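Asks: One structure is given below, represented as structure tokens, and several questions about it will come after.
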Amino acid sequence: MNGETMVVALKALSDPTRLHIVEFLSRCCCGRAAVRDDGGVEGPTAGEVCCHITGAEKITSTVSHHLHELEEAGLVKLERRGKTTVCTLVPATLEDLSGRLAELAKGEGQGGCC
């Protein structure tokens, strides 16, 4: 993960609402959606995320904005299925971010300054 990508991901996660969305998605089917044999989608939809976050029954522009910020940061994938938008985590981005932070915590990649 390069520095710019890390900054974008950390900035996205620094917002309490976006962090709450990521936490919610991580508890939903391991953060992934599944497509049934009949073509239907099982997994958290944007409406369900909004309902969980705000209590509103319809997606709000605020939650939509947060989802798009998370998508831009590569943390969430939004997939349109008819009138439904399915939200899934992108585990690889979270794992890369975690790995980079672990390297920093251990002082790795410092160019031998220590």
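Asks: State all residues of the stretch 70-102 that are over 20 Å from D15 (Cβ atoms) and of a type in the set (G, A, S); if no residue qualifies, say none.
Replies: G82, A92, G99, A102, listed by residue number.
Asks: Residue by residue through the stretch 46-100, note down the ones that are outside any loop (DSSP other than H, G, I, E, B), open to solvent by less than 40 Å² (accessible area, probe 1.4 Å) and over 27 Å from V7 (Cα atoms).
Replies: Within the stretch 46-100, just G47 meets the criteria.
The values are calculated or read from the model by the stated rules, or taken from the named source; none is laboratory data. All values reported here derive from a predicted model rather than from experimental measurement. Methodologically, a virtual Cβ is constructed for each residue, glycine included, from the backbone with ideal geometry; neighbour enumeration extends over all protein chains shown. When the accessible area is computed, the model is the full protein with side chains, heavy atoms only, and any ligands, DNA or RNA have been set aside. Shrake-Rupley method; radii C 1.70, N 1.55, O 1.52, S 1.80 Å.
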